[in-house]
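Undergrad: Quick one: the structure is below, questions incoming.
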Amino acid sequence: MRAVRFEKTGGPEVLELVTVDAPEPKAGQARVRHEAIGINFIDTYHRTGLYPVKLPCTPGGEAAGVVDAVGEGVTRVKVGDRVAYSGGFGAYAEANIVAADRLVKLPADIDSRTAAAILLKGMTTEAFIRRTYSVKAGETVLVHAAVGGVGQIMTQWLKALGAVVIATVGSEAKAEKARELGADHVILYRDQDVAAEVRRITGGKGVPVAYDSVGKDTFEGTLGSLARRGLFISFGNASGPVPPFPPARLAQGGSLYLTRPTLFDYIVTTEELEASANALFDVVRSGKVKVEIGQTFGLDRARQAHEALEGRATVGASLLIP
């Protein structure tokens with residue numbers, strides 16, 4: 001089978017298309033023949049070495065397709081089942097081995113491209129807006145990178161919950177897109193003082209929760225946007241990691257909280273995984289969250305996909321199609 005691999009960390013140029021033997025499932029595992037592969041920012045962190053990985057590495061932790069082989073003792077899925085998964089490595093390939101208890105069975109009305117575009121991003125959204133912080137109707141929240149992969153789903157789902165959304169984006173074109181998604185207020189974070197704008201919009205109060213996947217470039221603005229005892233949910237490093245800071249900064253900002261959650265601590269059990277995925281499928285099925293697949297790339301164009309993602313030249317979800 002064909003797979004994308006990197007043997008050393010670095011820029012997008014380290015990604016290479018290779019031919020390897022298709023893996024065979026062991027006990028408790030299934031092999032998924034991919035129909036669509038999700039591209040996520042975490043893939044770039046693995047490639048650059050920001051998040052260390054064992055080399056050589058086939059990146060990617062999200063894909064959807066059909067089970068074409070199962071290992072000993074597997075009864076949860078069978079050959080022919082349509083499934084998706086999120087987590088681990090090896091997705092940038094025509095097939096991958098996945099623990100059977102980490103697979104999500106796809107409903108008939110969720111196709112493989114949609115599943116690969118939304119599973120990781122959508123379950124991340126579900127965990128962060130319903131469980132890391134339970135957003136209530138009428139609350140005003142701040143969402144950075146609101147038209148990115150997670151941002152689009154988050155903005156729409158927050159509106160479905162009845163929240164008032166302040167969105168930040170990097171350009172006028174993306175600002176218009178954020179408004180189409182339902183954002184109530186849009187801030188151009190490269191040109192405007194985010195904290196000052198949030199204070200203006202909220203009558204000086206600030207927001208009870210802020211979602212920041214950008215990292216270094218938006219850190220100060222996010223801290224300055226929070227209400228007293230507000231929660232800073234940091235979940236990405238698109239502009240680079242947040243620099244070290246003294247914990248006293250949180251006290252000075254109004255007894256603030258900061259958390260750095262990861263989805264996988266919210267889907268530890270198969271039951272949690274299924275509940276999160278089902279909540280996501282339900283909100284997509286309702287039409288309240290619409291999925292935009294902005295870009296698709298062949299496996300042989302994984303390098304270009306990473307260049308577009310890191311250059312913030314993408315809108316919505318990006319997929320590799322094997």
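Undergrad: Let's test the formula: R0 of 30 Å, r as the Cβ-Cβ distance of Lys288 and Asp193. What FRET efficiency results, to the nearest 0.05?
TA: Details: r = 32 Å, r/R0 = 1.07.
Efficiency, rounded to the nearest 0.05: 0.40.
Undergrad: Can you bin every Cα-Cα distance in the chain into 20 Å intervals starting at zero and give me the percent of pairs per bin, rounded to whole numbers?
TA: Answer for the chain: a P(r) of 33, 56, 11, 0 percent.
Undergrad: Give, in nm to one decimal, the length gained when the segment between Asp265 and Phe89 is fully stretched (0.36 nm per residue of separation minus the Cα-Cα distance).
TA: Working: separation 176, 0.36 × 176 = 63.36 nm, distance 1.70 nm.
61.7 nm is the gain from fully extending Asp265 to Phe89.
Undergrad: When a/c reaches 1.5 or more, the comparison of a/b and b/c decides; with that in mind, is the stretch 33-134 rounded, prolate or oblate per its Cα gyration tensor? Before the final figure, lay out the partial values.
TA: On the way: a/c = 1.75, a/b = 1.16, b/c = 1.51.
Oblate.
Undergrad: As an exercise, find the ratio Rg/Rh for the stretch 189-322 from alpha-carbon atoms, using the Kirkwood inverse-distance average for Rh. Intermediate results must be reported in sequence, preceding the final value.
TA: Details: Rg = 18.1 Å, Rh = 17.6 Å.
On the Cα set of the stretch 189-322, Rg over Rh gives 1.03.
Undergrad: Full-extension gain between Glu274 and Ser171, please, as 0.36 nm times their residue separation minus the C-alpha to C-alpha distance.
TA: On the way: separation 103, 0.36 × 103 = 37.08 nm, distance 3.67 nm.
Here the segment from Glu274 to Ser171 would lengthen by 33.4 nm.
Undergrad: With charges set only on the Cβ (+1 for Lys and Arg, -1 for Asp and Glu), what does the dipole of the chain come to about its Cα centre, in debye to the nearest 20?
TA: On the way: 37 positive and 36 negative charges, 141 e Å.
Its charge dipole is roughly 680 debye.
Undergrad: Ranked by Cβ crowding within 10 angstrom, fewest neighbours first, how are Asp21, Asp68 ordered? If you can, show how the numbers build up before the last one.
TA: Values: Asp21 7, Asp68 15.
In increasing order of surrounding Cβ atoms, one gets Asp21, Asp68.
Undergrad: Helix 172-181 against the longest principal axis of the chain: what's the angle in degrees, Cα atoms only, rounded to the nearest 10?
TA: 80
Undergrad: How large are Rg and Dmax for the stretch 137-260 when calculated on the C-alpha trace, in angstrom?
TA: Rg, Dmax (Cα atoms, Å): 13.2, 39.
Undergrad: Pairing the Cα long axis of helix 149-160 with the longest principal axis of the chain, what angle in degrees results, from 0 to 90 and rounded to the nearest 10?
TA: Between the helix axis and the principal axis of the chain, the angle is about 60 degrees.
Undergrad: Full extension from Asp21 to Asp300: what is 0.36 nm times the residue separation minus their Cα-Cα distance, to one decimal in nm?
TA: Details: separation 279, 0.36 × 279 = 100.44 nm, distance 1.75 nm.
Between Asp21 and Asp300, full extension yields 98.7 nm more.
Undergrad: Would you calculate, for the chain, the mean residue ellipticity at 222 nm contributed by helices, counting each DSSP H stretch of 4 or more residues as -39,500 (n - 2.57) and dividing by all residues, to the nearest 500? Show your work: numbers first, answer last.
TA: Values: 9 runs with 89 residues, N = 322.
Rounded to the nearest 500, the figure is -8000 deg cm²/dmol.
Undergrad: Enter the Cα centre distance for the pair the stretch 97-149 and the stretch 23-57, rounded to the nearest angstrom.
TA: 19
Undergrad: Then there is this: Which order do Val194, Val104 fall in if you start with the one that has the fewest other Cβ atoms within 10 Å? Write out the running numbers ahead of the final one.
TA: Working: Val194 22, Val104 25.
Final ranking by Cβ density, sparse to dense: Val194, Val104.
Undergrad: Using DSSP, restrict attention to beta bridges with both residues in the chain and report what percent are antiparallel, rounded to the nearest 5. Present the calculation step by step, with values, prior to reporting the outcome.
TA: Details: 28 of 52 bridges.
Beta bridges within the chain, antiparallel portion: roughly 55 percent.
Quick note: the coordinates plus some simple rules give every number you see, no bench work behind them. Bear in mind that the values here come from a model prediction, so they are computed numbers and not experimental data. Cβ atoms come from the backbone with ideal geometry, glycine included; neighbour counts cover every protein chain shown.
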